[in-house]
Amino acid sequence: MMHHGVKPTANRILVAEALHRAGRPMSMMELEDAIGSIDKSGISRTLTLFREQRLVHTIQDGGDGVRYELCHSHSDSHDEDAHVHFYCTSCRKTFCLEDIPIPEVALPEGYDGDSVNYMVSGICPDCRKHCN
């Protein structure tokens with residue numbers, strides 16, 4: 001947290017630990033369930049600060065909304081860990097595919113992109129096992 005200019009408080013530590021333990025992007029509802037001791041507004045304030053300081057990424061999962069995941073960058077000004085995400089349409093979980101980098105996108109002249117959200121959707125391996 002300190003690398004990103006975020007002072008560690010009890011709530012901030014709980015949110016960061018919940019995201020770390022999950023090992024995958026989580027929705028606000030999943031965070032509320034995982035933490036239990038912080039109300040939605042406390043989690044939301046923490047996530048807003050984490051986003052501003054690039055301690056978390058936000059991901060539009062293509063399903064029911066926004067997911068949050070810890071950013072493994074060592075800087076609060078540059079993301080070093082951009083990767084592909086997979087949204088399972090069966091269990092509605094989002095997974096990091098960290099070994100697959102986001103493909104380079106050549107933007108037309110005059111466009112200046114600052115982030116990319118690369119999401120693949122389908123059925124995850126666990127759900128595939130249950131279907132067979």
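The values are calculated or read from the model by the stated rules, or taken from the named source; none is laboratory data. Bear in mind the structure is a predicted one, so any value in this text is a computation, not a measurement. In this analysis, Cβ positions are derived from the backbone assuming ideal geometry, glycine residues included, and neighbour counts consider all displayed protein chains.
The residue that is nearest to F95 (Cα to Cα), among those in region 22-57 that are β-branched (V, I, T) and touching a residue at least 24 places away in the same chain (Cβ under 8 Å), is V56. Kindly indicate the residue of region 65-79 that is within 14 Å of the chain's Cα centre (by Cα) and modelled with pLDDT under 85 and also surrounded by the most Cβ atoms within 10 Å (Cβ to Cβ) among those meeting that condition. Only one residue tops the list, namely C71. The residues on offer are S37, S41, and the sole one that is at pLDDT below 90 and hydroxyl-bearing (S, T, Y) is S37.
For K93, the stated conditions do not hold, so it cannot be described as closer than 19 Å to N11 by Cβ and at pLDDT 85 or above. Would you confirm whether any residue within region 44-58 is among the hydroxyl-bearing types (S, T, Y), surrounded by 13 or more Cβ atoms within 10 Å (Cβ to Cβ), modelled with pLDDT of 85 or more and closer than 16 Å to R21 by Cα? No - not one qualifying residue is present in region 44-58. Taking every residue in region 1-21 that is at pLDDT below 90 and pairing it with any residue that is among the acidic types (D, E), at least 6 positions away or on another chain, the pairs with Cβ-Cβ distances below 8 Å are H3/D76; H4/D76; G5/D76.
Quick one: L107 ticks every box in (1) at pLDDT 90 or above; (2) out of contact with any Gly (no Cβ under 9 Å at 6 or more places or on another chain) except a single one, so which number is it? (2) is the only condition that L107 fails.
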